[in-house]
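In what follows, a structure is listed as structure tokens, so that the remarks can point back to it.
FYI, it's all coordinate maths here, none of it is from the lab. The structure displayed is predicted, hence computed values, not measured ones.
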Amino acid sequence: MEFKRFFTRREAESALPLVRQIVNDVLATAGKIREMDEDDSDLPGLQAELEENLQELESMGCFFKDWNFSIGLVDFPSEMDGETVFLCWRTDEKELAWYHRIEDGYQGRKPLPKTPR
């Protein structure tokens with residue numbers, strides 16, 4: 001698997017305010033789409049807005065992983081101890097605190113090691 005970039009923990013934490021804003025927009029737009037009829041004239045515009053927000057996340061180098069549009073899960077490619085991992089964040093989490101190996105997925109989330117202050 002190839003990635004556009006790898007985030008350090010600090011870089012991912014710095015990106016989190018913008019990511020949080022974009023993901024909140026994604027979830028709000030998806031909620032509106034879910035409530036619409038298929039023939040609603042506003043649907044194409046909202047679908048385009050949703051795609052634009054998802055593309056913005058991807059252009060930053062992170063991945064939206066919540067296709068049920070319920071928890072706003074985002075993965076940031078990173079390296080830890082020489083292994084490629086995903087730093088993992090959800091909208092209900094105040095800070096970046098989890099990671100998982102790529103092959104383990106969300107179910108394999110583990111707390112990030114404590115960083116010295």
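Taking 0.36 nm per residue of separation and subtracting the current Cα-Cα distance, fully stretching the chain between S41 and E2 would add 10.2 nm. Couplings for the range 70-75, taken from phi via the Karplus curve 6.51 cos²θ - 1.76 cosθ + 1.60 with θ = phi - 60°, read 10, 10, x, 7, 10, 10 Hz in order; Gly and Pro are left as x. Note that the range 37-54 has calculated 3J(HN,Hα) couplings of 7, 4, 9, 5, 5, 7, 4, x, x, 5, 5, 5, 4, 4, 4, 4, 5, 5 Hz, one per residue in order, obtained from phi through the Karplus relation 6.51 cos²θ - 1.76 cosθ + 1.60 (θ = phi - 60°); glycine and proline are x.
Computed extension gain for S70 through E52, at 0.36 nm per residue and net of the alpha carbon distance, reaches 4.6 nm. By the rule of a C-alpha distance below 18 Å, with chain neighbours fewer than 8 residues away ignored, the lysines paired with K110 are K65, K94.
Taking only the C-alpha atoms of the chain, the Rg (one decimal) and the largest Cα-Cα distance, Dmax (whole number), read 15.4, 55 Å.
Share of antiparallel DSSP beta bridges in the range 66-117, in percent to the nearest 5? Don't skip to the end; give the middle numbers.
On the way: 13 of 13 bridges.
Taking every DSSP beta bridge with both residues in the range 66-117, the antiparallel ones total about 100 percent.
The alpha-carbon atoms of the range 42-88, seen along their principal axes, cover 48, 21, 8 angstrom, with the largest extent given first. For V85, the residues whose modelled amide H falls within less than 5 Å of its own, excluding neighbours fewer than 5 places apart on the same chain, are S78, E79, M80.
Dividing the summed -39500 (n - 2.57) terms of all DSSP H runs of n ≥ 4 by the residue count of the chain sets its mean residue ellipticity at 222 nm at -13500 deg cm²/dmol.
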